[in-house]
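The block underneath contains the structure these notes are about, expressed in structure tokens.
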Ligand code: UDP
């Protein structure tokens with residue numbers, strides 16, 4: 001059976017965040033908090049995991065800073081069995097415009113979806129009061145919409161994924177979800193053009209495009225010196241150095257590599273992603289082997305979370321296995337310049353620190369997604385002033401609109417502009433530095449928590465008022 005669990009988050013200090021904001025923005029932050037506290041009922045966020053993935057990454061600071069600003073905002077997580085998450089993963093793949101496991105989304109899945117959502121919704125009354133706003137994140141929580149409405153609260157559905165063009169997969173998923181979302185009072189997407197992709201026939205529902213943000217003070221993003229980053233990576237066995245843990249003794253840690261760990265001086269290409277075909281880690285290996293390895297002395301590190309025991313993502317283990325096979329088939333001299341790493345997720349702060357270190361140490365950060373709702377890994381790398389080579393899809397286009405801020409390569413990419421861009425940036429440190437500096441300022445201007453509170457208040461305030 002399914003249930004809803006409340007995730008407590010303590011109050012964050014606003015000092016560090018304020019110091020990151022330029023000009024009058026620190027004052028505006030307080031003003032937004034005061035207006036929010038005066039105008040809004042309790043706002044609930046409901047998603048499917050408290051650790052791992054982009055949504056959890058955002059909800060923690062929304063609560064932490066929200067509480068510091070006097071905003072009443074809370075967080076529920078839906079817990080259900082694997083069968084349910086297999087179905088919701090299928091829907092989410094579809095919304096992203098990709099085929100995924102191609103399993104059925106028929107009457108049986110709709111019944112299961114309805115039943116599990118109803119079970120979980122039995123817990124709603126213990127938390128949500130009439131008049132509250134309940135933001136339901138992604139397909140996993142869409143089935144709660146009608147139950148939230150029954151309680152007299154205001155359901156808003158927020159889709160974090162989307163596709164640039166509708167296709168058979170998006171149509172199938174949005175048709176599946178539509179009956180469950182009939183009573184939604186608002187719809188939030190990360191890009192304006194995702195609206196009709198994720199909710200075909202969403203006709204009269206008020207909607208807004210609200211981009212995610214990163215927390216500059218989190219363990220994932222806070223400042224680390226070059227030497228701190230190096231010793232952290234050495235400690236996790238990802239870089240040559242002293243103090244490496246024995247991977248056999250760290251549950252969940254797996255480093256797949258041939259030969260010694262790369263030296264700190266070797267330029268490292270890094271992609272951090274969930275193990276999901278949408279992130280095309282295998283494609284990064286191909287670009288590296290075909291274009292980057294012959295032209296540079298770079299090393300490639302593909303980093304993702306541990307794949308066993310990830311409740312809401314049952315396909316991760318399967319895709320990681322395919323990446324391993326792919327790695328095994330790389331030509332000999334290239335294979336010894338590529339490492340795959342699964343990081344334990346149990347200690348989320350430790351996980352975040354390694355990701356932080358890897359992104360900071362990278363000569364180039366890549367994100368070769370086939371589709372991307374927003375792409376927080378890109379935001380994180382841009383904030384660290386890294387040159388990023390990504391694909392021109394979904395929310396990445398908003399983050400890297402032109403060549404001043406990085407390289408966003410259009411798909412399909414038969415001539416491997418992706419690999420060529422990586423080589424270009426590795427071999428042109430001046431260009432990389434300039435891009436990195438502009439990229440960081442772009443994130444500061446648009447994708448920090450204060451901008452998000454502002455945008456949320458504008459939209460949710462209208463629904464309430
Ligand atoms: N992430 C992480 N550890 C990992 C892999 C990913 O902490 O091993 C984080 C990553 O840093 C980012 C989030 O998970 O904050 C992924 O968000 P994104 O929007 O890039 O993609 P999503 O996973 O939501 O599709």
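In what sequence do 69, 136, 254 fall when counting other Cβ within 10 Å, fewest first?
If I rank by nearby Cβ atoms, fewest first, I get 254, 69, 136.
How long, wide and thick is the stretch 314-465, going by the Cα atoms along their three principal axes, in whole angstroms, largest first?
63, 40, 31 Å, listed from the longest principal axis down.
Multiplying the sequence separation of residue 463 and residue 245 by 0.36 nm and subtracting their Cα-Cα distance, what value in nm do you get? Don't skip to the end; give the middle numbers.
On the way: separation 218, 0.36 × 218 = 78.48 nm, distance 5.16 nm.
Taking residue 463 through residue 245 to full extension adds about 73.3 nm, to one decimal.
Evaluate the Debye formula for the stretch 390-465 with equal point scatterers sitting on the alpha carbons, no solvent, and hand back log10 of I(q)/I(0) at q = 0.17, 0.22 Å⁻¹, in q order, two decimals.
Ignoring solvent entirely, the Cα scatterers give -0.75, -1.00.
What does the helix-only formula give at 222 nm for the chain: each DSSP H stretch with n ≥ 4 adding -39500 (n - 2.57), the total divided by the residues, and the result rounded to the nearest 500 deg cm²/dmol?
Values: 18 runs with 190 residues, N = 465.
Here the helix-only value at 222 nm equals -12000 deg cm²/dmol.
Using only Cα atoms, find the angle between the long axis of helix 25-39 and the longest principal axis of the chain, and express it within 0 to 90 degrees, rounded to the nearest 10.
Roughly 30 degrees between the two axes.
Quick check: Cα centre of the stretch 322-345 to Cα centre of the stretch 438-457, how many Å?
For the stretch 322-345 versus the stretch 438-457, the Cα centre distance is 35 Å.
Provide the FRET efficiency to the nearest 0.05 for the residue 445-residue 51 pair, computing r from the beta carbons and using R0 = 25 Å.
0.30
Roughly what angle does helix 348-361 make with the longest principal axis of the chain, taking Cα atoms, 0 to 90 degrees, to the nearest 10?
Between helix and principal axis, roughly 50 degrees.
Can you give me the Cα centroid spacing of the stretch 120-143 and the stretch 360-403 in angstrom?
The stretch 120-143 and the stretch 360-403 have Cα centres separated by 32 Å.
Using a 10 Å cut-off around each Cβ, can you sort 44, 157 from fewest to most neighbouring Cβ atoms?
Listing 44, 157 from fewest to most nearby Cβ atoms yields 44, 157.
What is the Cα centroid distance between the stretch 248-306 and the stretch 1-76, reported in whole angstrom?
If you average the Cα positions of each part, the centres end up 34 Å apart.
How tilted is helix 54-68 with respect to the longest principal axis of the chain? Cα atoms for both, answer in degrees (0 to 90, nearest 10).
The angle comes out near 60 degrees.
For the stretch 200-339, what is the Kirkwood estimate of the hydrodynamic radius, computed as the reciprocal of the mean inverse distance between distinct Cα atoms, to one decimal in Å? Numbers along the way, then the final one.
Details: mean 1/r = 0.0576 Å⁻¹.
The answer is 17.4 Å.
Output the direction-averaged projected area (hull surface divided by four) of the convex hull of the alpha-carbon atoms of the chain, in nm².
In nm², the orientation-averaged hull projection of the chain is 20.7.
Tell me, in nm to one decimal, what length is gained between residue 107 and residue 150 on full extension, where the rule is 0.36 nm per residue of separation less the Cα-Cα distance?
Full-extension gain reported as 13.1 nm.
Which whole-percent values make up P(r) of the stretch 381-432 when all C-alpha to C-alpha distances are grouped in 5 Å steps starting at zero?
The distribution over the stretch 381-432 is 5, 21, 31, 27, 13, 3, given as percents.
Which translational diffusion coefficient, to the nearest whole µm²/s, is obtained for the stretch 153-208 from the Stokes-Einstein equation, given a Kirkwood hydrodynamic radius over C-alpha pairs, 25 °C and 0.890 mPa s? If you can, show how the numbers build up before the last one.
On the way: Rh = 11.2 Å.
Answer, rounded: 220 µm²/s.
Any idea how far apart residue 223 and residue 433 come out in nm if each label point goes 7 Å out from Cα toward Cβ?
1.9 nm
Order by neighbour count: 176, 453, fewest other Cβ atoms within 10 Å first, most last.
Going from sparsest to densest Cβ surroundings: 176, 453.
Only the coordinates and a few stated rules stand behind these numbers; no lab work does. Everything quoted here is computed from the prediction, not taken from an experiment. Reconstructed Cβ throughout: ideal geometry from the backbone, glycine too, with neighbour counts over all protein chains shown.
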